[in-house]
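Taking it in order: structure first as structure tokens, then the write-up.
Just so you know, all these numbers are worked out from the coordinates, no wet-lab data involved. These numbers come from a predicted model, not from an experiment. A quick note on method: Cβ atoms are made from the backbone with ideal geometry, for glycine too, and the neighbour counts reach across all protein chains shown.
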Amino acid sequence: MQFIALDLEWNNVYGKKIKGFFNEIIEFGAVKVDAEGNIYDEFTCLINTQVGKKLRANTKEITHITNDEIKTGILFTKAVSEFKKWIGTEDTVIMTWGDGDVRVLIDNCKYFGCGDRIPFLNKYMDLQRYFQRIKCTSKSQQIGLSNAAEMVGISDDGYSLHRALDDSKITAKCFNAIREDKIINEYIKECNDEFYSRIVFKNKVISSMKNPLVDKSYLNCICEECGKPAEALTKWKYSNQYFRAQYRCENCNKDYQVNVRFRKLYDRTEIRKIVKPIVEEETTEAKQ
């Protein structure tokens, strides 16, 4: 089985076909990694854009790719075809840092008529998630590629960050630094119906109390000092992704701000609850 580290660069543009913005790919970069972690082959190409004729200023600033360079590239459909040929017939795992590149690939394949699926993707691995498992970092805080490289002692000196080929090389080096074959299979995903359903699913914050996914058992407050239930001072209101209300413990004469967020994920509802004491002025202001 061969492992390929893939990285993409893109330009945010308005697509008339979908009547909305999407990220048009402007560069492919990838490297093949052998069993010892050595890079033994590489692929790189620029994409001659068809939707956004000019790069946005921030894209040029980050990637240092110019409009003139883009004009020398190949069409997206040809890039996909050439990349598939470069992969070959060997059983292959495509690795990216986070699944953002895969989502962008799916959008581009749909837009340019390559189908609803990525033609060259059979097995996939989110190296960012794997890295955070090995390094025991918080799932709620994603680690960028540059920071990950620094954590494992890989210098990015001599590399052009935010260029697809160099980023794919750094990705491969990070993979080699943390590779543990005992658990790696847990993170290799077959790109079947379940995979595509999950990866295109968009998480959504629930904003209505009437939604059946709102677990009302979380809409309460227990005093942190005496452990008794506090009484509501205000009705629940939705603001900035959270349901918010204020509570008072009459026993301790202490007031609390309670914020609860319900977010629908692909296979579960994520609940985040924040309870913090509030000062008297805030309570008075909330009542008015």
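Antiparallel beta bridges, as assigned by DSSP with both residues in region 2-200, represent about 75 percent of the total such bridges. Evaluated with a Cβ-only charge set (Lys, Arg +1; Asp, Glu -1), the chain carries a dipole of roughly 1420 debye about its Cα centre, given to the nearest 20.
What trypsin sites (Lys or Arg not before Pro) in region 199-276 are in a loop by DSSP, with at most 11 other Cβ atoms within 10 Å of the Cβ? Intermediate results must be reported in sequence, preceding the final value.
Working: sites: LYS202, LYS204, LYS210, LYS216, LYS235, LYS237, ARG244, ARG248, LYS254, ARG261, ARG263, LYS264, ARG268, ARG272, LYS273; in loops: LYS202, LYS210, LYS235, ARG268.
Here the trypsin sites (Lys or Arg not before Pro) that fit, given the DSSP loop and packing criteria, are LYS202, LYS210, LYS235, ARG268.
So which GluC sites (Glu not before Pro) in region 131-195 end up in coil per DSSP with only 11 or fewer other C-beta atoms within 10 Å? Walk me through the numbers before you get to the answer.
Numbers: sites: GLU150, GLU180, GLU186, GLU190, GLU194; in loops: GLU180.
Qualifying residues, ordered by number: GLU180.
For region 162-178, putting each phi into the Karplus relation 6.51 cos²θ - 1.76 cosθ + 1.60 with θ = phi - 60° gives couplings of 6, 10, 4, 5, 5, 5, 5, 5, 5, 4, 5, 5, 5, 4, 5, 5, 10 Hz, in residue order, rounded to whole numbers and with x for Gly and Pro. Here the calculated FRET efficiency for LYS17 and LYS53, from their Cβ-Cβ distance with R0 = 22 Å, stands at 0.90, rounded to the nearest 0.05. Listed values for region 117-134 are Karplus-derived 3J(HN,Hα) couplings in whole Hz (6.51 cos²θ - 1.76 cosθ + 1.60, θ = phi - 60°), namely 10, 7, x, 9, 9, 10, 10, 9, 9, 7, 5, 4, 5, 4, 4, 5, 5, 5, and x replaces Gly and Pro.
Give the long-range amide H neighbours of CYS223: residues separated by 5 or more places, or on another chain, with amide H under 5 Å away, using H modelled in the peptide plane at 1.01 Å from N. For CYS223, whose amide H was placed from the backbone, the distant partners under 5 Å are LYS228, ALA230.
For a modelled paramagnetic label at SER217, 7 Å from Cα along Cα-to-Cβ, the residues of region 259-276 in reach, with backbone nitrogen under 18 Å, are 260-263, 268-274. In the chain, taking the dipole from charged Cβ atoms about the Cα centre, the farthest positive-side position among TYR266, GLN2, PHE243 is held by PHE243.
What residue among ASP41, ASP167, ASP68 has the largest mean-square fluctuation in a Gaussian network model of the chain, using Cα springs under 10 Å? In the Gaussian network model the winner is ASP68.
Under 17 Å from a point 7 Å along the Cα-to-Cβ line of TYR266: which residues of region 192-224 have their amide N that close? So the set is 192-205.
Using unit Cβ charges (K, R positive; D, E negative) and no other charged atoms, how large, in debye to the nearest 20, is the dipole of region 205-287 about its Cα centre? Walk me through the numbers on the way to the answer.
On the way: 16 positive and 12 negative charges, 107 e Å.
Here region 205-287 has a charge dipole of around 520 debye.
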